[in-house]
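Colleague: If you scroll down you'll find the structure; I have some questions about it.
Taken together, the values in this text are just the output of simple stated rules run on the coordinates, not laboratory data. No experiment lies behind these values; they were computed from the predicted model shown. We place every Cβ from the backbone using ideal geometry, glycine too, and count neighbours over all the protein chains shown.
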């Protein structure tokens with residue numbers, strides 16, 4: 001039989017259960033409300049350039065030989081008209097990069113600025129000098145060299161030699177070098193004929209402002225029999241006019 005137990009069946013008072021309150025600080029709320037900033041992929045290189053300007057300068061310096069080789073390839077593949085604009089564009093970009101580095105370092109340290117500029121220009125000159133100044137031989141000039149290529153100036157020097165004159169205004173500086181003066185006084189030119197003309201090869205795009213001209217000449221020294229020799233005349237264009245820079249020969 002069930003028994004009634006007053007002490008067990010009487011309901012007892014229990015304190016109410018309070019829900020835990022979540023405290024949100026102002027910083028957390030602001031963080032949650034702030035939208036996520038999206039960075040455009042196109043702006044990332046410019047942001048990197050703004051933070052590391054001198055790294056961009058040194059990348060330009062060490063990539064300059066690669067740019068010279070690419071310009072030579074463009075010249076060889078028939079894109080001669082793009083060589084000069086690309087050269088100016090690359091020089092302009094390097095100037096802007098260097099100016100950005102100067103503006104970045106100027107407020108910090110003048111000594112570091114001077115060392116950085118001098119080092120960048122010095123290393124760039126060392127890397128580019130062999131590619132632009134060392135001749136790799138003689139080649140045919142590209143079409144952008146024009147039709148004259150200094151042939152008329154070279155012929156003027158030989159005409160003066162044939163007349164017994166040692167001086168010629170066609171020389172750069174107005175006076176021939178000492179070696180040529182001695183040769184022209186000692187040997188008499190009887191006749192000459194142009195054989196071939198061209199430019200000097202190098203790693204960089206061929207410089208159409210410096211040319212060479214081979215002449216087959218007949219000369220006589222004293223009372224000896226006439227001899228057939230080869231004379232090579234070097235010319236360069238200055239302010240639109242061709243000047244002679246040197247003469248090799250008479251060669252065997």
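Colleague: So if each residue of separation counts as 0.36 nm, and I subtract the Cα-Cα distance between residue 230 and residue 125, what length gain in nm does that give?
Modeller: Residue separation times 0.36 nm, minus the Cα-Cα distance, leaves 34.2 nm.
Colleague: Which distance in Å, rounded to a whole number, links the C-alpha centroids of the stretch 190-223 and the stretch 66-118?
Modeller: Between the Cα centres of the stretch 190-223 and the stretch 66-118 lies a distance of 35 Å.
Colleague: On to the next question. What share of Cα pairs, in percent, lie more than 21 angstrom apart in the stretch 74-177?
Modeller: 64
Colleague: Inverting the mean 1/r over all pairs of different Cα atoms, compute the Kirkwood radius of the stretch 143-251 and quote it in Å.
Modeller: Kirkwood hydrodynamic radius for the stretch 143-251: 14.2 Å.
Colleague: Based on the mean of other Cβ atoms within 10 Å per residue, sort peptides 153-160, 119-126 so the most packed one is first.
Modeller: 153-160, 119-126
Colleague: Between Rg and the Kirkwood Rh of the stretch 44-133, both from Cα atoms, what is the Rg to Rh ratio?
Modeller: Rg divided by Rh gives 1.04.
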